[in-house]
Amino acid sequence: PSIGKISLNNLELALVRGGDQAVLRENTPQAKTIYFGGNSESRTQKSRTRARAISTALQTIISESEDVFIVGHRFPDMDALGAAITMKNFVNLSGKEAYVVYDPDQLMPEVSRAIDLINETEEGFAHIVKLEKAFDMKTANSLLIMVDHSKISQTLNLDFYKSFNKLIVIDHHRRDDDFPEHALLSYIESSASSASELAVELLQFHEYNSKMTVTDASIALAGIELDTKHFTKATTSRTFEVAAYLRSQGADNNLIKSILATEFEKYKKINEIILNSEYVVPGIIVALGKPEHKYDNVAIAKAADTLLDMAGVQAAFAIANHQNGYISISARSFKDYNVQTIMEAMGGGGHFNAAATQIYERNIDEVKKDLVKIIKEREKEQ
């Protein structure tokens with residue numbers, strides 16, 4: 001590509017990541033994108049006009065497709081599932097068949113419970129399909145919708161992604177250069193609380209109105225509650241408007257509580273990580289899982305979330321051996337401390353106040369040493 005095109009792409013990337021930053025990339029095939037700044041959180045930039053325009057454009061693209069398959073990221077959380085279920089409703093309103101795709105080997109406990117609830121109904125069972133079956137169902141004119149992620153490397157299954165000619169991206173994380181270049185449409189709003197919030201807003205602007213089932217509305221609201229820590233972070237008036245809409249659609253608090261409940265053994269794993277934590281600089285705490293134990297995404301993320309609730313903690317990092325063979329870091333922060341850039345420096349990414357990374361072929365002590373070095377370098381820059 002020309003220097004001018006690269007410059008324009010860099011400018012667009014800086015804007016969709018929230019502004020207040022510079023993006024540098026050399027004009028070579030192996031060049032790595034470097035970000036400077038970005039130390040202020042994205043403020044509310046969403047407009048009803050844009051959401052309505054995206055909703056209309058989505059309906060047009062869907063009408064030109066044979067059917068639609070919806071995927072979240074690898075090891076999807078409740079927000080990914082909530083956004084996917086909401087987009088399934090959107091597609092059905094547009095007169096096309098929609099299928100939420102999942103991998104049975106990548107299910108966290110709360111997502112598994114939610115899928116079981118969906119499968120209890122004939123309508124739900126027909127529209128949530130296993131990855132293996134989805135490969136056989138899709139056609140050359142099928143459309144793929146990626147929700148709650150925009151990085152190709154994070155998608156549910158790379159071969160499944162590559163098998164589509166048409167795709168759409170709906171996400172609330174800051175975009176980077178690992179982005180589908182052939183996306184027909186992307187709706188990325190890093191100021192939104194969750195992908196479920198974005199999906200519900202699009203549904204509200206659909207030209208046809210239809211009531212969601214209690215299960216679907218509850219799952220979407222559970223996704224928002226999970227990503228906002230029960231409406232304590234990343235929320236705006238738009239978040240509460242969407243939550244009110246879902247309640248009007250029948251979202252049930254008892255159902256949500258049963259979906260998001262933590263098992264006793266998982267609770268012990270979370271505390272195991274928390275108990276092995278220390279301040280590395282004032283206000284910044286790092287926790288380590290036991291080297292001989294393995295943990296899942298939920299335990300590692302909830303450990304970081306819990307540490308952030310402690311008085312005086314500005315940012316929390318939980319590091320542990322993941323059950324799938326790599327080392328996982330979950331990062332959480334308050335206000336103006338950007339954990340996304342720290343995770344990007346370690347090969348990951350995410351949101352301004354919530355990010356993560358996966359590291360292979362290292363041990364947990366080496367990873368902690370690298371993380372602490374980056375944190376201290378950032379402190380010096382400040």
Item to complete: Pick out the one residue from 62, 70 that is β-branched (Val, Ile, Thr) and part of a helix (DSSP H, G or I).
Response: 62
Worksheet, complete the sentence: Per the filter on the stretch 111-128, residues at pLDDT 90 or above and assigned to a helix (DSSP H, G or I) are 111, 112, 113, 114, 115, 116, 117, 118, 119, 127
Item to complete: Would you mind listing the helices (runs of 4 or more DSSP H) fully within the stretch 192-310 where at least 3 residues are of a type in the set (Lys, Arg) and either out of contact with any Gly (no Cβ under 6 Å at 6 or more places or on another chain) or not assigned by TED's automatic domain parsing to the domain that holds residue 109 (or both)?
Response: 264-274
Response to the item:
Of the candidates 144, 158, 167, 131, the one satisfying the condition of being under 20 Å from the mean Cα position of the chain (by Cα) and surrounded by fewer than 13 Cβ atoms within 10 Å (Cβ to Cβ) is 158
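Restricting attention to the stretch 266-303, which residues are over 18 Å from residue 374 (Cβ atoms) and of a type in the set (Val, Ile, Thr)?
270, 273, 274, 298, 300, listed by residue number.
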Worksheet item: Counting just the residues of the stretch 96-128 that are within 18 Å of residue 155 (Cβ to Cβ) and of a type in the set (Ser, Thr, Tyr), which one comes out surrounded by the most Cβ atoms within 10 Å (Cβ to Cβ)?
Response: 102
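Would you mind finding the one in 91, 100 that is among the hydrophobic types (A, V, I, L, M, F, W, C) and in a strand (DSSP E or B)?
100
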Worksheet item: For the stretch 330-382, what are the residues that are among the basic types (Lys, Arg) and within 10 Å of residue 317 (Cβ to Cβ)?
Response: 332, 368
Fill in: Answer residue from the stretch 94-110, given it is modelled with pLDDT of 95 or more and of a type in the set (A, V, I, L, M, F, W, C) and is farthest from residue 68 (Cα to Cα) among those
101
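Okay, residues lined up against (1) in contact (Cβ under 8 Å) with a residue 12 or more places away in the chain; (2) more than 22 Å from residue 196 (Cβ to Cβ):
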residue: 87; (1), (2): yes, no
residue: 97; (1), (2): yes, no
residue: 100; (1), (2): yes, no
residue: 112; (1), (2): no, no
residue: 130; (1), (2): yes, yes
residue: 161; (1), (2): yes, no
residue: 167; (1), (2): yes, no
Item to complete: Could you check how many residues of the stretch 227-259 are surrounded by fewer than 20 Cβ atoms within 10 Å (Cβ to Cβ), farther than 29 Å from residue 335 by Cβ and β-branched (Val, Ile, Thr)?
Response: 0
Fill in: Residue that is nearest to the chain's Cα centre (by Cα), among those in the stretch 170-189 that are surrounded by fewer than 21 Cβ atoms within 10 Å (Cβ to Cβ) and assigned to a strand (DSSP E or B)
188
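The values are calculated or read from the model by the stated rules, or taken from the named source; none is laboratory data. In this text the structure is predicted, and so the values were computed from the model without any measurement. For neighbour counting, all protein chains shown are included, and Cβ atoms are generated from backbone atoms with ideal geometry for every residue, glycine included.
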